[in-house]
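Notes follow once the structure below has been shown.
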Amino acid sequence: MKKRTILAGAAGAGILAGAAVFFQRPRSGRVRYSGGYPDEWHRQTDVLVIGGGAAGLSAALSAAENGARVTLVEQNPELGGDSLISGGYFNAVDPLRQAPLGIHDSVELFREQILDSGGGRNSPEVASVLASEAGFSLDWLERHGMRFMPQVVKILGGGFARSHKPLLPRGEGYIRVLSSECRKKKVAIRLGSRAEEIYRDPSGTVTGAAVTDSDGRTAYIRATRGVIVATGGYGANRQLLERLAPRYAPLPHDSQMGATGQAMLEAEAAGARLVNTDLAECVPGSLPQTGFFARIDMDPERMVMVDESGKRFVDETGYRSTIAQAILGLGEGKCWSVADSGAVASFDESIQKDIYRNYYAGAVFRAPTLDGLAREIGVPARALVRTIRQASNRRIQTPPFWAAPIHLHLHTTLGGLEITGRAECVDSDGTPIPGLWAAGEVAGNVHGVNRLGGNGINTAVTFGRIAGREAAKRII
């Protein structure tokens, strides 16, 4: 359990494929914030979106719906990013679903919980926008064909029953729907294309970016209305973590390999301000010895966390940051998530598949009785049985019973580009930068020290939708 100690102490082809002309600008000849734009633009669009996850696709679709010509570039060979492998839950105040279930919610309560969990490190303005606009984002998705289960649930670290679960597993439904709608709106999607520089003209307006395809050819794209950065976090970039958030660098992560933070740094080089880059969120799960993380803690009301003595050591319904600190407090001691077969059966098929992969690899345990499970994981049987009985409200009743060892891993970085409530990036004195927006995990002042469970996809879609609309409306 050394990871705890360390943490406590510390599509399509590349862009312009088939085009007749490419211009490779010498790296020594960069044009940055200090002046102008490239000597020659190779392509022009109204709005350039960097990133092809839920945030980027939402931004592209929103901009196109508002009349803009849109080009989206994604460095990976396929769309989706971390959104595709996320849990998929979407937090939103939705009285039509919540009220019949006896759930009394409000935008004001949602905002208060975002700010409370943020520990004073997030923006009240941005939190208010997320709380009030997430419901509209949910409706917007459904109008485009996204489908959700009728239940509204509370997930690990969510703090309240406002998480909407999509019909399709994880983030698959979002990416399918948004990419399909983008193509209907004639958004030019270029895969295997990495944005390397963002340019501002002498007036301080962002004018476009340099984009390199998988063959190493660089094209300069002029964006007449602006650039939207939606490239996710930097959880897969250990070197950057060591520089910005060193206590998280040694941990395993569950980000896709494109989560490098490069476009975030390019925006910073163009004058955008970074905030909270020392913050990240950790969640419990098995070590990825099979290549797949296994988690049986998705529903906090259907599992308990126990230590080596078989006793419960934390309120599983608390914030993820609180749970992480409780795990850290155990030092080198082992701990486990315990759930029943009903809980496991309620998870998405893809999550169940990861659990079974780990089970057959000997990394997750199952037994027909709690006594048997205690023997499997090496905790006192009497103590474990007593713990489960005392936690009867957790609904751990249906055999066989499951246990997964808990190891913290990096789930999301929380810092990044500072934005306004209209998703505008700001410069060093807090002034919005003309023509530059950010959405999704790359935005650094949305969540603060803790992101509520279920506030990942809704942040991506909400601020992507706002950024696209604002960019399309920009007067030039």
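Readers should treat all values here as calculations from the given coordinates under stated rules, not as data from a laboratory. Values in this document were obtained by computation on a predicted structure and should not be read as measured data. All Cβ positions, glycine included, derive from the backbone under ideal geometry; neighbour counts span all protein chains shown.
Here are the numbers for this structure:
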quantity	calculated
Proximal charge balance of R121 [Cβ under 13 Å; K/R count +1, D/E count -1]	-3
FRET efficiency, 1/(1 + (r/R0)^6) with R0 25 Å, evaluated for L167 and D116 via beta carbons	0.20
Charged-residue dipole, Cβ positions (Lys, Arg, Asp, Glu), the chain about Cα centre, Debye nearest 20	600
Globularity ratio of the stretch 282-410, using Cα Rg and 2.2 N^0.38 Å	0.94
Computed helical MRE - 222 nm, the chain, DSSP H runs ≥ 4 contributing -39500 (n - 2.57), nearest 500	-9000 deg cm²/dmol
At R0 = 35 Å, FRET efficiency that the Cβ-Cβ distance of S309 and R147 yields, to 0.05	0.20
Debye, to nearest 20: dipole size of the stretch 260-341, +1 on Lys, Arg Cβ, -1 on Asp, Glu Cβ	60
Footprinting exposure proxy for C282, C425 (fewest neighbouring C-beta atoms within 10 Å first)	C282, C425
Counted charge near G192, where neighbours are those whose Cβ lies closer than 15 Å (Asp, Glu -1; Lys, Arg +1)	-2
Alpha carbon centroid spacing (whole Å) that separates the stretch 118-186 from the stretch 360-395	35
Dipole of the chain, positive direction: furthest Cα of S132, G454, P77, with charges on the beta-carbon	P77
Within the stretch 282-410: Cβ-based charge dipole about Cα centre, in debye rounded to nearest 20 (Lys, Arg +1; Asp, Glu -1)	280
Net length gained if the chain between M257 and E376 were fully extended (0.36 nm per residue, minus Cα distance)	39.4 nm
Shape parameters for the chain, alpha-carbon atoms, Rg then Dmax in Å	22.7, 75
Which of M257, Y359, Q325, positive extreme of dipole for the chain (C-beta unit charges)	Y359
For R366, net neighbour charge (Lys/Arg +1, Asp/Glu -1) across residues whose Cβ lies under 11 Å away	-2
Two-site FRET efficiency, Q239 against L101, from Cβ-Cβ distance with R₀ of 41 Å, rounded to 0.05	0.35
